[in-house]
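Every number here is computed from the coordinates shown, using simple stated rules; none is lab data. Remember, it's a predicted structure, so these values are computed and weren't measured experimentally. Here the Cβ is made from the backbone with ideal geometry for all residues, glycine too, and neighbour counts use every protein chain on show.
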Amino acid sequence: MKKWLVPVIIIVAIVAIVGFWAVGIRNGALKQNQAVAKSWGDVNTSYQRRNDLIGNLVKTVEGAANFEKGTLTAVIEARSKATSIQVDPANATPEQLEAFSKAQGGVSSALSRLLVTVEQYPDLKSNENFKQLQFELTSTENTIQTARVRYNESVENYNNYVLKFPNSMFLGQYKEKPYFNAVEGADKPVDVNFNIK
């Protein structure tokens, strides 16, 4: 074997190893990015389920009680606003997530007011359809919370992967993704008043 061939083989081997390593890093980032997108899809699916249930809840309440129209209108408007805000997980910004979270918080707040006001209607509280809808909404809220936690876990894994050294040298086009934060005021307890006399 010629003397000059040994250094060439070593250089080619080093380049090949570095190349395969860089490809592995990029494929890992792609996998993490897809996990974030899937988790965001799960969040949206949970919110969509809640929005679908709200329509049934409103119809049940309207049909069963001479109900306070302002509360129903607030629920319908909050639902409409929440469904109008879309976030692309690939290009999400903290501001977009905050707007999305705020709109969804409006739905939660309107639903809470609706359920508290319903306490004034004993016939409605005993209605089996209403009881089932309350159960479904509670289940959906728990699903939403779980989906948001899983989304944040996916974002954490993604951010750790793309921001750590030396991965960050090869992943310049992969930007840090924002976390899903609680809506403003979520740290304060909800004031529930049933007006029981």
* **Mean projected area (nm²) of the alpha-carbon convex hull when the stretch 5-170 is viewed from all directions** => 11.6 nm²
* Burial ordering of 149, 43, 116, 8, fewest other beta-carbon atoms within 10 Å first -> 8, 149, 116, 43
* What list of ³J(HN,Hα) couplings, whole Hz, do you get for the stretch 42-51 from phi and the Karplus terms 6.51, -1.76, 1.60, once you set θ to phi - 60° and write x for glycine and proline? -> 5, 4, 4, 4, 5, 5, 5, 4, 5, 4
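Let's test the formula: R0 of 22 Å, r as the Cβ-Cβ distance of residue 45 and residue 145. What FRET efficiency results, to the nearest 0.05?
Calculated value: 0.95.
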* Structure fact -> In Å, the C-alpha Rg and Dmax of the stretch 8-56 are 21.3, 72
* **Exposure proxy order (Cβ contacts within 10 Å, fewest to most) of 47, 151** => 47, 151
* Cross-link pairs beyond the 24 Å C-alpha cut-off, checked among 102/164; 31/102; 31/164; 102/131; 102/177; 81/131 -> 102/164; 31/102; 102/131; 81/131
* Structure fact -> Once residue 84 and residue 11 are pulled to full extension, the length gained, defined as 0.36 nm per residue separation minus their Cα-Cα distance, is 20.7 nm
* Kindly put 83, 140 in sequence by how many other C-beta atoms sit within 10 Å of each C-beta, fewest to most. => 83, 140
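Apply 1/(1 + (r/R0)^6) to the Cβ-Cβ distance of residue 52 and residue 21, taking R0 = 45 Å, and write down the FRET efficiency to the nearest 0.05.
Efficiency computed from Cβ-Cβ geometry: 0.45.
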* Structure fact -> Percent relative contact order for the stretch 5-170, counting Cα pairs under 8 Å at least six residues apart, stands at 40 percent
